[in-house]
Amino acid sequence: MIEQLTPRILENKDWATLLFVITFAVVAMTKSAYETRFSEFSKLIFSDKYAKIYRDNNHMKSSFTVGLFFVQIVSFAFFIQLSMSVFGYASKTDWVLFIQIATILLYFILAKYLVEKIVATSFNIDEFVDLFNLQKVTYRTYIGVLILPINAVLFYYDGIPKSIPLAIIAISLCISVYSYFISIKTYQNAIISKLFYFILYLCALEIAPYYFLYYWITKGSA
C-alpha cells in the first residue's frame, strides 16, 4: 500500500525576523547617537521633563524623530496584524498584508498631519498646532517603542489570548489620553485664548478621523 504524502505548508517568518532586527538596530543606533535624549524619552510616562526640554518644533525633523517614526510605523503595523490574527481576521505571517497595513498607517498619519497644517494656517494657530503635534508624535512614538518587544515575542508565540491585545490597546489609550492632558496643561494659555478654534480642531482632526477609521475597519471586516 503506497502512503500518500501530504505537502506540509510552512509559514514564512524570515521577513518578520529581518524587519525586527532592522527595527531594533534603529532603536539601538538612536539610543547610542542621542544617549541623554533617549534616556529622558524612556522616562516619558513618569515625567514630563522630556516634553518640556524638547518642545521646540525643530525637533520634529531631527534624525531622532525620523528614526523612531520608522520604528513607530513598523511596531504599530505588526501590532495591528497580530491583533487581526488573534481575532481570526488575518494571518500574522502574511507579509503582503503587513506592507498594506504599514502603507495605510503611513499615509493616514502624513495626510492627517498635512490637513492639520492647512487648518492651522486657516485658523492662524500654526505655532500652537506645531507644538501640539510634536507632543502627540512624542507620545505616539513612545507607545510604538514600548510595544515593539511585545510584538516580537507575540509574533513567535502561538495561541495568544484575546485579552493580551485588548490590554495593550487599553494601556495605549490611557497613555494617549494622558498625553492630551499634558499638552492641554502645557499650552493652557494658548488654548484659552483660542478656545473655540481648539475645540473645533479637536473634534474635526482628533476625534473624527479615528472614528471613521474604526468604522471603516469594522465595516470592512464584518
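Over 28 Å between Cα atoms, which of Lys162/Lys185; Lys13/Lys43; Lys13/Lys136; Lys112/Lys185 qualify? Working shown, then result.
Values: Lys162/Lys185 35 Å; Lys13/Lys43 33 Å; Lys13/Lys136 32 Å; Lys112/Lys185 23 Å.
Exceeds cut-off: Lys162/Lys185; Lys13/Lys43; Lys13/Lys136.
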Using only Cα atoms, locate the centre of the range 129-193 and the centre of the range 70-123, then give the distance between them in Å, rounded to an integer.
14
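So, by mean Cβ neighbours within 10 angstrom, what's the order for 64-75, 167-178 with the highest one leading? It would help to have the intermediate numbers written out before the result.
Values: 64-75: 19.4, 167-178: 13.7.
Peptide ranking by packing, descending: 64-75, 167-178.
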The ³J(HN,Hα) series, computed from each phi in the range 35-44 with the Karplus coefficients 6.51, -1.76 and 1.60 at θ = phi - 60°, rounded to the nearest Hz and given as x for glycine or proline, is 4, 5, 5, 5, 4, 5, 4, 5, 9, 4
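Send over a whole-number figure in Å² for the accessible area per residue of the range 47-168, probe 1.4 Å. Let's see the in-between values first.
Working: 5800 Å² over 122 residues.
In whole numbers, the range 47-168 has 48 Å² accessible per residue.
The values are calculated or read from the model by the stated rules, or taken from the named source; none is laboratory data. Since we're looking at a predicted model, the values are computed, not measured. FYI the Cβ positions are ideal-geometry reconstructions off the backbone, even for glycines, and counts take in every protein chain you see. Each accessible area value is taken on the protein alone, full model and side chains, heavy atoms only, with ligands, DNA and RNA left out. Shrake-Rupley method; radii C 1.70, N 1.55, O 1.52, S 1.80 Å.
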